[in-house]
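In what follows, a single structure is set out as structure tokens and then discussed.
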Amino acid sequence: MKKIIFITALTSLFSLSLPANHNLILAQSPQVTQTQNTIIPIAKVGLGKIRPGMSEQQVRRILGKPTSTKTEFSQGVGDNIRTLEYPHISLSLVPYVNKPKNFFVYHFVTRSPKLLTPTGVKVGDTQSQVIKAYGKPYISKDGKVIFLGYGVGSQDNAAGLTFSIEAGKVTKIEYSEQLI
């Protein structure tokens, strides 16, 4: 599979958004207020029972039938990306190398308070609750939105968990990893 550099607010201090058509749009660089390198273990990453690297079959066993499914070819990945939409979470999956019909989770996002991270953080929690659960984050700001970002796994792994904060509260939780 070809490389994709999937940049999160954490890994390179840029913002990504996935609009309705799920094409990636790179926003302007947010203002950086702290650049400490904070790495968390993969065990602290997930939403509800969903974890990075899960197969599509595992996701469907846990969440059931998605409200919508879309598979599109991505030139950046050089392969298909499958998006599964559920009422409280959106997941992006890519095929395993040498198994083009078997997809795994590499990105997920929620704006719902119904899904908790493994440390118990959810949308609606305060910035201080996130820091208490995950430690000192990368911090960047874009307008009124503050991003608390954490590297996941190791210094060599380009994966990140980002909490978007508005008015002192978590409004979005997002995980993303670089595909190689």
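The values are calculated or read from the model by the stated rules, or taken from the named source; none is laboratory data. Source: prediction; values computed, not measured. Cβ coordinates were reconstructed from backbone atoms using ideal geometry, including for glycine residues, and neighbour counts include every protein chain displayed. To get the accessible areas, we keep the full protein, side chains included, count just its heavy atoms, and leave off ligands, DNA and RNA. Shrake-Rupley method; radii C 1.70, N 1.55, O 1.52, S 1.80 Å.
The table below lists the values:
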| quantity | calculated |
| --- | --- |
| Any hit, the stretch 72-81, residues being touching a Pro at 6+ places or on another chain (Cβ under 7 Å) and modelled with pLDDT under 95 | yes |
| Residues of the stretch 154-166 that turn out to be touching a residue at least 12 places away in the same chain (Cβ under 8 Å) and either closer than 20 Å to LYS141 by Cβ or among the acidic types (Asp, Glu) (or both), as a count | 7 |
| Count of residues meeting criterion [surrounded by 15 or more Cβ atoms within 10 Å (Cβ to Cβ) and over 17 Å from the mean Cα position of the chain (by Cα)] in the stretch 97-130 | 3 |
| Failed item in (1) open to solvent by 50 Å² or more (accessible area, probe 1.4 Å); (2) on the phi > 0 side of the Ramachandran plot, with LYS136 passing the rest | (2) |
| Residue within the stretch 118-125 that is farther than 13 Å from ILE40 by Cβ and in a strand (DSSP E or B) present | no |
| Residue match in the stretch 65-82 (condition: open to solvent by 10 Å² or more (accessible area, probe 1.4 Å), within 19 Å of LYS49 (Cα to Cα), without any contact (Cβ under 8 Å) to a residue 40 or more places away in the chain and in contact with a Lys or Arg (Cβ under 6 Å, 6 or more places away or on another chain)) | no |
| Flag for SER176 being within 12 Å of the chain's Cα centre (by Cα), buried (at least 16 other Cβ atoms within 10 Å of the Cβ), part of a strand (DSSP E or B) and modelled with pLDDT of 95 or more | yes |
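This table checks each residue for (1) closer than 21 Å to SER55 by Cβ; (2) out of contact with any Phe, Trp or Tyr (no Cβ under 7 Å at 6 or more places or on another chain).
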residue: HIS88; (1), (2): yes, yes
residue: LYS114; (1), (2): no, yes
residue: GLY149; (1), (2): no, no
residue: SER154; (1), (2): no, yes
residue: ASN157; (1), (2): yes, yes
residue: ILE165; (1), (2): no, yes
residue: TYR175; (1), (2): yes, no
